[in-house]
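A.B. asks: Sharing a structure here in structure tokens format.
The values are calculated or read from the model by the stated rules, or taken from the named source; none is laboratory data. These figures come from a predicted structure and were not determined experimentally. As a convention, Cβ positions derive from the backbone with ideal geometry for all residues, glycine included, and neighbour counts pool all protein chains shown.
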Amino acid sequence: RMPILEQCYNLMDFEAVARRVMKKTAWAYYSSGADDEITLRENHSAFHKIWFRPRILENVEHIDLSTTMLGTKVDIPFYVTATALGKLGNPEGEVVLTRGAKKHNVIQMIPTLASCSFDEIMDAADDQVQWLQLYVNKNRDITKRIVQHAEARGCKGLFITVDAPQLGRREKDMRSKFSDVGSNVQNTGGDNVDRSQGAARAISSFIDPSLSWKDIPWFLSITKMPILLKGVQRVEDVIRAIEAGVHGVVLSNHGGRQLDFARSGIEVLAEVMPVLRERNWENRIEIYIDGGVRRATDIIKALCLGAKGVGIGRPFLYAMSAYGLPGVDRAMQLLKDEMEMNMRLIGCSSVDQLNPGLVDTRALASH
Ligand code: FNR
């Protein structure tokens with residue numbers, strides 16, 4: 001017996017349902033992290049090291065959650081981040097997320113490795129703003145075609161994934177694929193090796209591990225879309241990104257699926273912002289974080305520390321897999337309701353009031 005949708009009261013509830021109802025291989029692909037999954041767990045628990053210093057007696061009758069991301073007005077400061085293989089969880093694939101994002105006026109980042117075609121997703125979005133996540137192909141002609149097609153279709157941001165020169169070892173994913181082969185394991189010949197690598201590795205062999213800072217000028221030359229680096233993990237690289245002329249970064253460890261023992265995005269944000277402020281560089285790029293965002297308080301903490309917005313991945317995949325569009329719709333609405341209440345409780349009526357003074361970060365390592 002599956003709980004009815006109305007019994008999901010927060011984003012973790014969708015995960016619990018998804019774990020029970022999803023196909024084993026799909027659950028393994030979505031939920032897994034690299035190696036011992038230390039970073040995967042840290043991503044959410046890092047938020048638990050930040051406490052609030054709320055203000056009182058501010059007028060919080062009307063709360064405005066809206067903000068802008070890369071110039072686009074959105075209703076709440078999160079976006080649906082890129083996650084590959086949407087059809088593993090729902091036969092309709094990523095367009096289910098697109099419809100949810102459109103309903104709530106949030107942006108979706110379309111993955112290079114979507115199950116639906118790029119055009120199907122753009123068509124489903126209609127005039128709702130979309131971004132593109134890019135895995136850079138060894139064949140740069142293909143990459144150029146993907147980027148310029150996205151721009152021609154009206155895509156408003158290019159996020160180059162820089163934390164995955166090789167796909168991480170997600171052992172849960174690898175094992176589930178292996179057991180899928182089951183008793184036929186002896187008869188699959190060469191295919192056996194590939195399948196034992198799990199869904200992730202089977203689809204990623206085109207990614208160029210020679211990608212380097214030297215390639216950035218070329219990207220800037222082939223598109224007018226703002227370019228952001230997704231997967232930056234230290235302040236030195238944020239500075240280098242600014243110097244290279246990109247428009248933003250996502251402080252992210254790929255949802256704990258790449259380097260285990262990478263720090264959480266929120267931890268890195270606390271390291272980055274003071275350095276940028278010291279140089280008066282905090283307005284030179286937009287900084288986003290993702291990884292482990294499950295509560296509106298997580299979003300608020302990230303904005304207090306200087307993020308322009310946050311990306312959310314797995315919760316919407318789980319909502320989509322368990323309940324389809326109504327699930328995605330409810331997950332987004334829950335976040336809006338949580339955020340409105342928590343903004344009131346910390347004494348802020350709009351997101352431009354969020355600032356570092358509202359959080360106590362002394363328990364963070366990079367404090
Ligand atoms: C991802 N992520 C990802 N990132 C990327 O740049 N390209 C991709 O193809 C994918 N694919 C992908 C699949 C799945 C199933 C997951 C869970 C994640 C990483 C994603 O964009 C983001 O960094 C994390 O998902 C954020 O963490 P949470 O919100 O899932 O905890």
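A.B. asks: Across region 218-235, what is the total count of residues that are surrounded by 11 or more Cβ atoms within 10 Å (Cβ to Cβ) and either without any contact (Cβ under 8 Å) to a residue 60 or more places away in the chain or of a type in the set (Lys, Arg) (or both)?
C.D. replies: So the count comes out to 4.
A.B. asks: Can you name the condition, by its number, that ARG263 falls short on among (1) assigned to a helix (DSSP H, G or I); (2) within 14 Å of the ligand (Cβ to nearest atom); (3) in contact with an Asp or Glu (Cβ under 9 Å, 6 or more places away or on another chain)?
C.D. replies: The single condition ARG263 does not satisfy is (1).
A.B. asks: Pairs, please: C-beta under 6 Å, at least 6 apart or cross-chain, first residue closer than 22 Å to ARG1 by Cβ and in region 20-31, second within 12 Å of the ligand (Cβ to nearest atom) and part of a helix (DSSP H, G or I)?
C.D. replies: These pairs meet every condition: MET22/SER321; ALA26/LEU88.
A.B. asks: For the subset of region 242-253 comprising residues that are more than 15 Å from the ligand (Cβ to nearest atom) and under 25 Å from ARG145 (Cβ atoms), which member is surrounded by the fewest Cβ atoms within 10 Å (Cβ to Cβ)?
C.D. replies: Here the residue is GLY245.
A.B. asks: Provide a single number: the residues in region 189-239 that are among the small types (Gly, Ala, Ser) and either at pLDDT 95 or above or in contact with a His (Cβ under 7 Å, 6 or more places away or on another chain) (or both).
C.D. replies: Number satisfying all stated conditions: 4.
A.B. asks: Looking only at region 102-114, which residues are free of Cβ contacts under 8 Å to residues at least 60 places away in the same chain and either part of a loop (DSSP other than H, G, I, E, B) or under 14 Å from the mean Cα position of the chain (by Cα) (or both)?
C.D. replies: Of everything in region 102-114, those that are free of Cβ contacts under 8 Å to residues at least 60 places away in the same chain and either part of a loop (DSSP other than H, G, I, E, B) or under 14 Å from the mean Cα position of the chain (by Cα) (or both) turn out to be ASN105, ILE107, GLN108, ILE110, PRO111, THR112, ALA114.
A.B. asks: Among the residues of region 278-304 satisfying the criterion of being in contact (Cβ under 8 Å) with a residue 40 or more places away in the chain and in a strand (DSSP E or B), which is nearest to the ligand (Cβ to nearest atom)?
C.D. replies: The selected residue is ASP290.
A.B. asks: Out of the residues in region 236-291 that are of a type in the set (Lys, Arg) and under 30 Å from ALA28 (Cα atoms), which is nearest to the chain's Cα centre (by Cα)?
C.D. replies: In this case the residue turns out to be ARG257.
A.B. asks: Also, quick follow-up: For region 310-338: of the residues being surrounded by fewer than 24 Cβ atoms within 10 Å (Cβ to Cβ) and more than 16 Å from the ligand (Cβ to nearest atom), which is nearest to GLY265 (Cα to Cα)?
C.D. replies: In this case the residue turns out to be LYS336.
A.B. asks: List the number of the failed condition for LEU259; all other conditions in (1) surrounded by fewer than 23 Cβ atoms within 10 Å (Cβ to Cβ); (2) more than 18 Å from GLY313 (Cα to Cα) hold.
C.D. replies: Against the list (1) surrounded by fewer than 23 Cβ atoms within 10 Å (Cβ to Cβ); (2) more than 18 Å from GLY313 (Cα to Cα), LEU259 comes up short only on (2).
A.B. asks: Select, from ALA363, ALA270, ALA307, the only residue that is within 16 Å of the ligand (Cβ to nearest atom), of a type in the set (Gly, Ala, Ser) and touching a residue at least 24 places away in the same chain (Cβ under 8 Å).
C.D. replies: Just one listed residue meets the conditions, ALA307.
A.B. asks: I need the full set of residues from region 115-170 which are assigned to a helix (DSSP H, G or I), in contact with a helix residue (DSSP H, G or I) (Cβ under 7 Å, 6 or more places away or on another chain), under 18 Å from SER212 (Cα atoms) and among the hydrophobic types (A, V, I, L, M, F, W, C), in order please.
C.D. replies: VAL147
A.B. asks: Which one is surrounded by the fewest Cβ atoms within 10 Å (Cβ to Cβ) among residues in region 156-173 that are within 15 Å of the ligand (Cβ to nearest atom) and either under 18 Å from ASP123 (Cα atoms) or under 16 Å from the mean Cα position of the chain (by Cα) (or both)?
C.D. replies: ASP163
A.B. asks: I need the full set of residues from region 85-105 which are within 15 Å of the ligand (Cβ to nearest atom) and surrounded by fewer than 20 Cβ atoms within 10 Å (Cβ to Cβ), in order please.
C.D. replies: Selection gives LEU85, LYS87.
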